[in-house]
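One structure is given below, encoded as C-alpha cells.
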Amino acid sequence: MPATADPPATGEVLVAVDVGTSGARAAAFDLHGRPAGQVRRPFPTAIPRDEWAEQDAASWRRAALAALGALIAQLGPSHPVLAIGLTGQCPSVVPVGRRGEPLRPGIIYRDNRATAESRALRERFGDARLHARTGQVPTPFYTAAKIGWIRAHEPATFGAARLFLQPSEYAGLALTGEPVTDWTLAGATAMFDIAQRIWAADLLAWLDLDPARLPVPQPSWTIAGQLRPALVRRFGLARPVPVIAGAADSLACALGAGVTAPGPVSEMAGSSTCLNSVVAEPLPDLDVAIYASPMGPAGYMTETGINTAGEALDWVTALAYGGRGGRPRAGDYERLDREAAGVPPGADGLLFVPVLGDGERDDPALRGTVTGLSLRHGRAAWARAAMEGVAFGMRALLEVLGRDREPAAELRVSGQPAGLGTWNQIKADVLGVPVRRVPGDATAAGVAMLAGIGAGVYSGPGEAVAAACHPEQPVLPDPGRAGLYEAAYRRYRAVLASDLARVWPPGRCG
C-alpha cells in the first residue's frame, strides 16, 4: 500500500553524490531519512559500435559538481551539510592524466569489447581460483578486462595514465583532490582480494599495472578527505565538509533498503537491475559475484544483475508512449503501468527477452529476443512483456542465489521503477515472494547512511537503518497465477538457451 506523505525534512542533512548511468545527481536527507532535496544533471551514452558503450568522463565530473552545487544552493543555510558520500555506476573506468584530465572516453559496465582480455585472464589464473580470491569470474563486464583492452589496443593511453578511476572515484578526485575508493568499488574491478581487502598484487602485475595507479581501498564509511577549499567557497559553505568513501551503487542500495542480514534480497531498480543479499562467508558458486561488505569490517554481500532492466522499459515507453519527441515523461510511465495491468498474465503470448545492451554481463553474445508477436499486440502488451521479461530474468538470478543457501524470503525494491504497482505485482507473482517497496531512492539513502556513519551521526548500520529506512507493506504473490507464470518462465528459459537469442553469425554480425 502507498506510504503516507513524509513530514518535511528539517535541520542538518547528509548528502549522496551518485554518478549513475544516465546522469549525476546529488540528494540530501535529514537524519531521519526524509528527503530534503535532489538535483540531477544528465549525460549521454555513446554506442560507437556493436558491444561498445562509452561516456565522456569529463561529464561525470562536470555533472557531479553541477548537481552538488545546485543542491547546496537549494538547501540554503537552514539545512547545513554534515557529510557527503559517494556512489555510482560500476564497473566503469577511465584513464586519467597527470592534471586529472580523462585520456579517452570512459568505458562503462555494459561495454563488452574486452572478450579476449577476460579470456586470457581466466586462462592464466583459472575461474575457481579467481572467484575464491576476488569474488568474481572476470568477464568483459569487469574493470580488469577493460584496462587490459586499453593496454592491448591503446598502449600510449595506457602508458600515459596516472590513474584508472571509476565514475564515483573520479567525482571524489574532483571533490577532495584525492583518489577515493572503497572495498566494494575495488571489488568491481576483479583485481581485489576480498578476504585480505587489498589489491591482488599478482593480478595487477599480470596487467603491468602499478598499484599506485589505483586508489587505495578503504572501508565504505571512511572519511576520504575534505571538500576542497575552492569548492567550499564556490558552494557558499560555512565550513569544510568531510567526503566519505561510500560504496558501489547496488551495495549502497542494499543498506538503504535495510538488507543488513541474510533473508531479504535488495533490488536496485534503475537503468540496470542488481540483486544483493548478505552472507557470512563467500559462496562458492561461480555464477554469483561476491563483495566485501560495506557495512562492517567482516562479512560479504552477493550480487547478480541484469544490464538493461529499467532501460528496457524506458525504451518501450519512449517508442510507444513518448509522443513525437520520443521523450517519456512521468505521466507516460503511469499510463504504461495502468495499460499493462489490463493485459492478462503472459502478455497474451508475447515473450520479450529484454537484453538491449549488446550482451549481458555474464554472456556478451546474448541479444534481445521477441517471440509470439502478433498484429493483435498493442503497446500495452509490449509494456507487460517487458515487465515480465525482466521479472523472468530476476527469477533466474534468484534461483542461482538459492543454489547454496535458503531461498530469498522477500524482495526489497527501490528506485524510480519501484513506483510502478503493476510491475511490483508481476515480480511478486513471477518470483513467488513478497515484494516490499522502499520509498524514494535506497541507493542515495544508503550512501547518506554511510556518510552519517563516517561523520559519527550513527553508531553503525543498525542505528542508521532504524532511523532512516521505512519500507512499505508487502505486495503478496497471487497463487492463482503461479501455474501460468511457470509455463511462461519455461518458454523464457528455452528462448534464452537457444541460438536465436545470440548474435549471428557467431562472434560478429555482418
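The values are calculated or read from the model by the stated rules, or taken from the named source; none is laboratory data. Keep in mind it's a predicted model, so treat the numbers as computed, not measured. We work out accessible area using only protein heavy atoms, side chains counted, and drop any ligands, DNA or RNA first. Shrake-Rupley method; radii C 1.70, N 1.55, O 1.52, S 1.80 Å.
Miscellaneous remarks
- CD proxy at 222 nm, helix term only [per DSSP H run n ≥ 4: -39500 (n - 2.57); per residue of the chain; nearest 500]: -11000 deg cm²/dmol
- Area projected by the alpha carbon convex hull of the chain, averaged over all directions, nm²: 22.4 nm²
- Overall, the anisotropy analysis places the range 137-221 in the oblate class: the square-rooted eigenvalues a ≥ b ≥ c of its C-alpha gyration tensor yield a/c not less than 1.5, with a/b not exceeding b/c.
- Three-way shape label, the range 1-152, alpha-carbon gyration tensor, a/c 1.5: prolate
- For the range 351-415 versus the range 150-191, the spacing of their alpha-carbon centroids is 31 Å.
- Amide H contacts of residue 163 (H built 1.01 Å from N, under 5 Å, at least 5 apart or other chain): 96
- Cα gyration tensor of the range 83-135 - equivalent ellipsoid semi-axes, whole Å, descending: 27, 17, 11
- In the context of the full set of protein chains, the range 157-247 has a per residue accessible area of 34 Å² (1.4 Å probe).
- Amide H to amide H, with H built 1.01 Å from N, residue 193 comes under 5 Å of 198, 199, 200, counting only residues 5 or more places away or on other chains.
- Note, ³J(HN,Hα) from phi for the range 223-229, Karplus 6.51, -1.76, 1.60, rounded to Hz, x at Gly and Pro: 6, 7, x, 9, 4, 4, x
- Long-range Cα-Cα pairs in the range 370-510 (distance over 24 Å), rounded percent: 48 percent
- Residue-by-residue Karplus 3J(HN,Hα) for the range 298-307, coefficients 6.51, -1.76, 1.60, Hz, glycine and proline x: 10, x, 9, 9, 8, 8, 9, x, 10, 5
- Using bins of 10 Å that start at zero, the share of Cα-Cα pairs per bin across the range 421-494 amounts to 18, 32, 22, 19, 8, 1, in whole %.
- Residues whose amide H comes within less than 5 Å of that of residue 88, counting only those at least five positions distant or on another chain, are 19, 249 (H built at 1.01 Å from N in the peptide plane).
- Rg/Rg_globular for the range 307-375, with Rg_globular taken as 2.2 N^0.38 Å and Rg from C-alpha atoms: 1.22
- Taking a ≥ b ≥ c as the square roots of the eigenvalues of the Cα gyration tensor, the range 134-287 is oblate, since a/c reaches 1.5 or more and a/b is not larger than b/c.
- With every protein chain in place, the chain: carbon and sulfur % of accessible area (1.4 Å): 56 percent
- Here the Karplus curve 6.51 cos²θ - 1.76 cosθ + 1.60, taken at θ = phi - 60°, turns the phi angles of the range 377-387 into couplings of 7, x, 5, 5, 5, 4, 4, 5, 5, 5, 4 Hz, with x standing for Gly and Pro.
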